[in-house]
Structures are given as C-alpha cells and as structure tokens.
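Since the structure comes first, as structure tokens, the remarks are kept for the end.
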Amino acid sequence: MPPKNKFRPVVKEVPQSYAPVRGRGASWSPANRFEKLHVDLTDIDVVGADIFSEEQPRPATQYFRDGTKSIITRNTSPDVGFETSLNPYRGCEHGCIYCYARPTHEYLGFSAGLDFESKIMVKTNAPELLRAELESPRWQPQTLVMSGVTDPYQPIERKLRVTRGCLEVLAKFRNPVAIITKNRLVTRDIDLLCELRKYSAVAVNFSVTSLDPNLQRVLEPRTSSPQARLDAISQLRSAGIPTGVMVAPVIPGLTDHEIPRILDACTKAGAQFAGYTIVRLPWAVAPLFEHWLDEHFPDRKEKVLQRIRHLRGDRLNSFQWHTRMTGEGIFAEQIASLFKVGCRHAGIGNRPNLSTAAFRRAKEQLSLL
C-alpha cells in the first residue's frame, strides 16, 4: 500500500549553483518556507561571478547577537533521550550538509542552506542566563545536554568562549552535563570537565560519521578531521572523562558500511559507550542533500536516496516518534544488527548515569554560613 501522506519537497526551485562552495556543506540557499519573496545571494546572476569559474565566491561568516531571554530548552520528545538542553549558538559553521537543525534557521528569516552555516546567532549572555535559571528554585537538578541542536564547539567558540562560560557555571553548581560535539576544541576545557567528573556530572559524546577524511571534508567541511576526533577521545579518556561515540548520522549506501570500523577505532582511542541514529532530512534539508549528492557522489545518488526512502516508508523523511531516529524495514534492521555486533566486538559498555547528588546553589551555601 502506498503511504497516505507521500513526501513532497517543500522547495521546488532548481538549485541556483553551478559548483560546490569550498569549505561549505551547502552550495545554495533554498527558499525559506515561511517567506513569499526569495533572492538567492549565491546565485551567479546576482553576485555577478564568472559562471565558468571553478568555484563560487566563498560567503563570509557573519555573527549576530542573539537577544534570547532564556537559555534552557525543554522538550517532550519520547525518543531523544533527554528533556533539557543548552545551545550557545544558533546556526553552525561546521556546515554538515545533512544537519536536521538547518530548518530552524528559517524561523529567523534565513535560509536552511548557506545562511545556516554562514549567519551565526551568538548567545553572548548565555552564562549569565544559565546562572539565573540554575539559581531559581524552580530548577529541578537534571542533566543538561550541550547542545541538542547545534555544536557548542563550532570554530567561533575558540574566540568567543561562550560554551566555556556555560561550563564554568555548570561546574560551580555541580549540575551534570552531557556534551555532543564533532570538534576537538572540547579538549581545551578538560580542566572544567575534570571538576565535574569529581561528582559524576559529565560525559562527552563524539559524533563520528566517517573515518574517510576525503568524505568528511565535503560532508562536514568545518568539523575536526576523523583522526583529530580520535586524538580528542584519547585526551579525554587520559584525563578520566567518560567519553563515548555517536555513529551519527548513519547514511545508508554511503557510510553504513563503516559502522564496525568506527566503533573499533573509537574504542581503541578510549571510547566507553556508543549510540547511533539514521540520517534525517526534514523540510529543506532533503533538496539540499539531493543536490549535494549530485555534486559529490552522482554515481551513488539513486542508491542512497532509495535506501533512505526504504527506511522512511517511501519518503525522504519521517517525523514518526520512535522510528525517526532508527528507521524501519529490512535495512534498518541490518544497520541495527551491524551496530550491535560492532559494539560487542569492540567491547563497548553502557552509557554512564550522571548524578545530581552534588548539585548546589550559591544562595544555599550562603545560608549555611
């Protein structure tokens, strides 16, 4: 039986690009689904570039101050594994072409394409907001995930240090945090992570999609190389920080065969636990990903898309609870089995339980004096 709601891409326009943009995942800016007027500033007719040149002009990254009034995000999703998260940045320089968070930029009036990775909203007051929310008696101590949407250690963090400021607050309150990143910059903050480790209040998850540096450079252009991530895992484990690997996202027909190798390499580097998710292509991410395949892997395009459709009920994306992360059908079962066997062979253990027992508020300390 055909699906009742057949997936139809939101963006019908033809991609307005002639070649990949060096250092970027996306090479065009699809229309914002909420806007009636759209001009793609990467369109050669707009920027006046030579259409026969090998590369498009590289758009400069712009940073904007985010005037948010709160910093802790809550969700009721039954399949994400956490209830609260902290995102110091909106948009992500890493430029991963498959990123499910790309459509969130459309709520800001931007595009899910190049805008997502070149127009970054910075929550410069995140540490102060976090301190106020943790100090509130309404806060029930629990694990915060950093980040649930975009990477807290994207390149600009080296200069702005917003994530580090948030970690300083978390260490002061001894509130547990689980970090997810693709960047070895996390090793800069080993001192704070060690402080949280004393109270069983920290875990770091490295996302590893592929061990092939050539694939990584076009799939996740501004992330740390696979070897750098393995080195970072080793550094964190040498410091005693609980560290694991997220084989995420698994892209069937492109990266799924690497699952055992990724698990084995990360375990040898020191990873103690693991998880995985299947690629998700919501809204404008689907046409962006399709065009990326045309640019970089035209010979594999149909195989990859057909595998994804098989996992998603003949669609490129599914919002269905409990299956959106792992897919369904025979290919989903094969991936789950490959992951399970890979974990057993690599000796992967269980994810650690983080503790809130040592949580403290500054006002509570003063009242005891």
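Pairs exceeding 29 Å between alpha-carbon atoms, taken from Lys268/Lys301; Lys119/Lys198; Lys172/Lys268; Lys182/Lys301; Lys123/Lys172: Lys268/Lys301; Lys119/Lys198; Lys172/Lys268. Less than 5 angstrom separates the built amide H of Lys119 from those of Gln62, all sequence-distant by 5 or more or on a different chain. Database remark: amide H of Leu144 closer than 5 angstrom to the amide H of Val177, Ala178 (H placed geometrically; neighbours at sequence offset of 5 or more, or on other chains; Pro and chain starts carry no H). Using a probe of 1.4 Å, the accessible surface attributed to Cys96 totals some 10 Å² when neighbouring protein chains are kept in position.
What the range 89-239 shows is 33 Å² of accessible area per residue, with the surface traced by a 1.4 Å probe over protein heavy atoms.
Between amide H atoms placed 1.01 Å from N, distances below 5 Å from Val204 occur with Ile179, Thr243, Gly244, all of them 5 or more places distant or on a separate chain.
How large is the accessible surface per residue of the range 299-347, computed with a 1.4 Å probe and reported in Å² as a whole number? Intermediate results must be reported in sequence, preceding the final value.
Details: 2910 Å² over 49 residues.
Accessible surface, normalised per residue, equals 59 Å².
Ignoring ligands, DNA and RNA, please state the percent of accessible area on the chain from carbon and sulfur, probe 1.4 Å. Of the solvent-accessible surface of the chain, carbon and sulfur hold 52 percent.
Measuring only protein heavy atoms, the 1.4 Å probe finds Tyr63 accessible over about 90 Å².
Report the calculated FRET efficiency for Thr84 and Glu290 (r = Cβ-Cβ distance, R0 = 51 Å), to the nearest 0.05. Could the numbers behind the result be given before it?
On the way: r = 34 Å, r/R0 = 0.67.
Efficiency at R0 = 51 Å is approximately 0.90.
Relative to the present Cα-Cα distance, how much length would full extension add between Thr76 and Arg261 at 0.36 nm per residue of separation? Provide the component values of the computation, followed by the final result.
On the way: separation 185, 0.36 × 185 = 66.60 nm, distance 3.39 nm.
My answer for the length gained is 63.2 nm.
The values are calculated or read from the model by the stated rules, or taken from the named source; none is laboratory data. Please read all numbers here as calculations on a predicted model, not as lab measurements. Here the Cβ is made from the backbone with ideal geometry for all residues, glycine too, and neighbour counts use every protein chain on show. Side chains included, ligands, DNA and RNA excluded: accessible areas come from the protein's heavy atoms. Shrake-Rupley method; radii C 1.70, N 1.55, O 1.52, S 1.80 Å.
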